[in-house]
2 protein chains.
Amino acid sequence: MDANPVLAEAVRGNWVENRHRGAFAVVDAGGRIIAASGDIERPIFPRSAIKSMQALAIFSAHADEKFHPSEEELALACASHHGEEIHTQGVNRFLERLGLGVDDLECGAHQPTNAATREALRAAGRAPNALHNNCSGKHSGMLSVALAMGVDTHGYVERHHPVQQRVRRTVEAVIGEPLSEDRCGTDGCSIPTFAAPLRAFAFGFARMATGEGLSPDEAAAARRLLDAATRHPHLVSGTGHPDEAIMTAFNGRVMQKVGAEAVQCGAIRDKGWGYAIKCDDGNVIASQAMLATVLLKFADPDADQRKVLEALKHQPIKNVRGMIVGEMRATEPIAGLGLTAG
Amino acid sequence: MDANPVLAEAVRGNWVENRHRGAFAVVDAGGRIIAASGDIERPIFPRSAIKSMQALAIFSAHADEKFHPSEEELALACASHHGEEIHTQGVNRFLERLGLGVDDLECGAHQPTNAATREALRAAGRAPNALHNNCSGKHSGMLSVALAMGVDTHGYVERHHPVQQRVRRTVEAVIGEPLSEDRCGTDGCSIPTFAAPLRAFAFGFARMATGEGLSPDEAAAARRLLDAATRHPHLVSGTGHPDEAIMTAFNGRVMQKVGAEAVQCGAIRDKGWGYAIKCDDGNVIASQAMLATVLLKFADPDADQRKVLEALKHQPIKNVRGMIVGEMRATEPIAGLGLTAG
């Protein structure tokens, strides 16, 4: 297997300390490769980067007609949220709408991603619950799918439960590739995650952004989800997160979502292009530098948007005393590496 | 630049999620390469993996004759300790021996590495101080060098301070390579770190283990430091750390020290071999799997030692609910990759 190119590097002083390889693809809804670097046919686990794709099942199962989730709740279904009050309260309302509660969530509990919320919980002597899990909105959406399908919600995270079967078929339809038990793992929140070629996830986001190749109902559902996510960037991520910063700056033009282990997926909506990025070694900061390079080159940023992206493309590394001793940066040749003409 | 081989990988379910490249060298005191994989001439920052080498300056400056540091204090000078009470008290005694105190340390403060100590500090409403810094023992050793040299201790962390000049010359002499301002950065604890070929650090540890190529005084100093570190593995690291587990299991036969950003250095003392390992992307767990492979193959482990190493070679990955969903593991071909006959 050939090595992917070095797309980001950590510099300390005047010498490169770490190298981060990866691949990315920018694809249109007809499947044309706008740009690519590295092995874009290698199957990768998309993890949380495709929550908006998985949330399409809410519509295909007609849970939207039954429960009428708000735009905020749809944004939370696409979210890796930070467990801030606005997130946990929102998810709680979503569950109440379904006649369910926190005990129906099977994602497990973890400390909220947001540091201030974590400190406040700790100061109050309280343990986090499943609402604080960054995936609790997605899980609420999946519970709505179970109810709309008329199946037992219990075990909805399991690979062979009707909910996960439906989610799998939904993702397969959008990315245009079969998923396989031979390339399957369990995600942090206990649902299955299936590996598929990096290119296919970029393609899927191009189709979600344009509706091309989808049924009218699927296209409408995709539009509602991307609208919900891009109108509520704070609900999809949290205070200070790059996804919030990017989606806020691009004001609806860019859908952007991180996935665990350094996956970045989304769409440049006005161009009808989807993109997918994976850093081979799972370093999230490196993948942010890669993402910034892709959006700087392909998303036609204005000055304010460029500022947000440049800050991700060059991220300072500090030492214990707070001195800046280096930076994580996208490698300079990235833009020229194996790119197809746009 | 050719890519280093994949030496470790993270598997989720039945599919590889992340790949970790790296290089390693096992070298004898004559400079013969016993085994190697990847580009061992590429300069890497050794970071904290060479604290025992830096501590040789205590002897070359005759600070040992002036202050008579205990074996425990010498172990702490080689340590990335976890800030447990035994560590902070030990460093405090070392500083008292010098007539100095915590305010003379220029390493900065960070939360102790040990979780229980961190929780106890937090519960007591106390902030960590410089004693908790994992490098505070090394810094105490450097302060002893300043006093023995009769120079101002203030600014002893700076690149051009006589202490750092002496440490630099000491390391150059042991590894047999010049260090350069052109390959220099600032470490987490504010002292300079110089990049040099991976092979040279392995060579340096072989010379420290055997005394070959060193003056009688240097050889005696190296022996005292490696004896101190291997007799007090808990002082060199902390509760539950792989370095403690390995050095305890090998009972003096193996000196092992981690450095930040996934460096592993040490010596198989009875064979007279030094080794150095760097994971290209800075992933510490991956570098532990690489280390385990090297020691399994070259350190002739008995059953108990093998058990410690196997646990590092295959480390479970758990999800939020505590389910084992994958593992970080050394890649199987590692033992055959580019090895010179031993």
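The values are calculated or read from the model by the stated rules, or taken from the named source; none is laboratory data. Since the structure is predicted, the reported quantities are computational estimates derived from the model, not experimental observations. Neighbour counts run over all protein chains shown; Cβ positions are idealised from the backbone, glycine included. The accessibility values were calculated without ligands, DNA or RNA, using every heavy atom of the protein model including side chains. Shrake-Rupley method; radii C 1.70, N 1.55, O 1.52, S 1.80 Å.
Note on segment A:48-181: dipole from Cβ charges, positive end direction compared against A:Met53, A:His82, A:Gly101; the farthest Cα belongs to A:His82. For the pair B:Ser215 and B:Ile285, label points projected 7 Å from Cα toward Cβ lie 4.7 nm apart. Here B:Thr186 sits with roughly 30 square angstrom of accessible surface, probe radius 1.4 Å. For the set A:Lys51/B:Lys318; A:Lys278/B:Lys297; A:Lys318/B:Lys278; A:Lys66/A:Lys138, the pairs lying more than 25 angstrom apart at their alpha carbons are A:Lys278/B:Lys297. Modelled this way, with points 7 Å down the Cα-to-C-beta line, the labels at B:Arg169 and B:Asp270 are 3.8 nm from one another.
Could you pull out every one of the aspartates and glutamates with an alpha carbon less than 12 Å from that of A:Lys257, ignoring same-chain neighbours closer than 8 positions? Of all the aspartates and glutamates, those that pass the test against A:Lys257 - Cα under 12 Å, at least 8 places apart if same chain - are A:Asp243, A:Glu244. Between copies, the label points of B:Glu310, set 7 Å from Cα on the Cα→Cβ line, lie 5.6 nm apart, reported in increasing order to one decimal in nanometres. Most tightly packed first, judged by the mean number of other beta-carbon atoms within 10 Å of their residues, the peptides B:110-117, A:63-70 read B:110-117, A:63-70.
Chains A and B: how much accessible area gets covered up at their contact, both sides added, probe 1.4 Å, in Å² to the nearest hundred?
Numbers: alone 13970 and 13990 Å², together 24300 Å².
Approximately 3700 Å², summed over both chains.
Label separation (B:Glu310 vs B:Arg118): 3.1 nm, computed from points 7 Å beyond Cα along the C-beta direction. Once the C-beta distance of B:Asp2 and A:Asp182 is scaled by a Förster radius of 30 Å, the resulting FRET efficiency is 0.45 to the nearest 0.05. Treating each Cα of segment A:48-181 as an identical point scatterer and summing with the Debye formula, the log10 of I(q)/I(0) at q = 0.19 Å⁻¹ comes to -1.03.
Per residue, how large is the accessible surface of segment B:123-202? Use a 1.4 angstrom probe and give square angstrom.
Working: 2620 Å² over 80 residues.
Per-residue accessible area for segment B:123-202 comes out at 33 Å².
Solvent-accessible area of A:Lys318, all protein chains in place: 130 Å² (probe radius 1.4 Å, heavy atoms, ligands and nucleic acids excluded). Note on chain A: with a GNM built from Cα contacts shorter than 10 Å, the maximum mean-square fluctuation among A:Ala120, A:Ala249, A:Ala220 falls on A:Ala120.
Using a 7 Å projection from Cα along Cα-to-Cβ, the label point at A:Gly176 is separated from the same position in the remaining copies by 5.9 nm, smallest value first.
Using R₀ = 56 Å, calculate the FRET efficiency as 1/(1 + (r/R₀)^6) where r is the Cβ-Cβ separation of B:Gln111 and A:Lys66; round to 0.05. If you can, show how the numbers build up before the last one.
Details: r = 48 Å, r/R0 = 0.86.
About 0.70, to the nearest 0.05.
Charged side chains reduced to their Cβ positions (Lys and Arg at +1, Asp and Glu at -1) give chain B a dipole of some 540 debye around its Cα centre.
Peptide B:5-17 shows a mean partner chain C-beta count of 6 within 10 Å per residue C-beta.
In what order, largest first, do B:Ile40, A:Ile34 sit by accessible area if the probe radius is 1.4 Å? It would help to have the intermediate numbers written out before the result.
Working: B:Ile40 20, A:Ile34 0 Å².
Descending accessible area places them as B:Ile40, A:Ile34.
Given +1 at the Cβ of Lys and Arg, -1 at the Cβ of Asp and Glu and no other charges, the dipole of segment B:48-181 around its Cα centre is 160 debye to the nearest 20. In whole percent, how big is the carbon plus sulfur part of the accessible area of segment B:48-181, probe 1.4 Å, protein atoms only? After summing per-atom areas, the C and S share lands at 48 percent.
Taking chain A, the Cys residues with no second Cys beta-carbon under 4.7 angstrom are A:Cys78, A:Cys184, A:Cys265, A:Cys279. Inter-copy label distances at A:Asp2, using a point 7 Å along Cα-to-Cβ, come to 1.7 nm with the shortest given first. Note on B:Trp273: accessible area approximately 40 square angstrom, rounded to 10, probe 1.4 Å, nucleic acids and ligands left out. Calculated mean residue ellipticity at 222 nm for chain B: -12000 deg cm²/dmol, from DSSP H runs with n ≥ 4 weighted as -39500 (n - 2.57), summed, divided by the residue count and rounded to 500. About the centre of its Cα atoms, the protein assembly as shown shows a dipole size close to 160 debye [charges on the beta carbon of Lys, Arg (+1) and Asp, Glu (-1) only; nearest 20 debye]. Extension gain for A:Thr239 to A:Glu85 (0.36 nm times residue separation, less C-alpha to C-alpha distance): 54.3 nm. Think of the protein assembly as shown as a dipole: +1 on every Lys or Arg Cβ, -1 on every Asp or Glu Cβ, centred on the Cα centre; then among B:Val145, A:Ile33, B:Val284, A:Ile33 lies furthest on the positive end.
Rank these by accessible area, largest first, 1.4 Å probe: A:Arg93, A:Arg12, B:Arg253.
Values: A:Arg93 135, A:Arg12 15, B:Arg253 60 Å².
Solvent-accessible surface, decreasing: A:Arg93, B:Arg253, A:Arg12.
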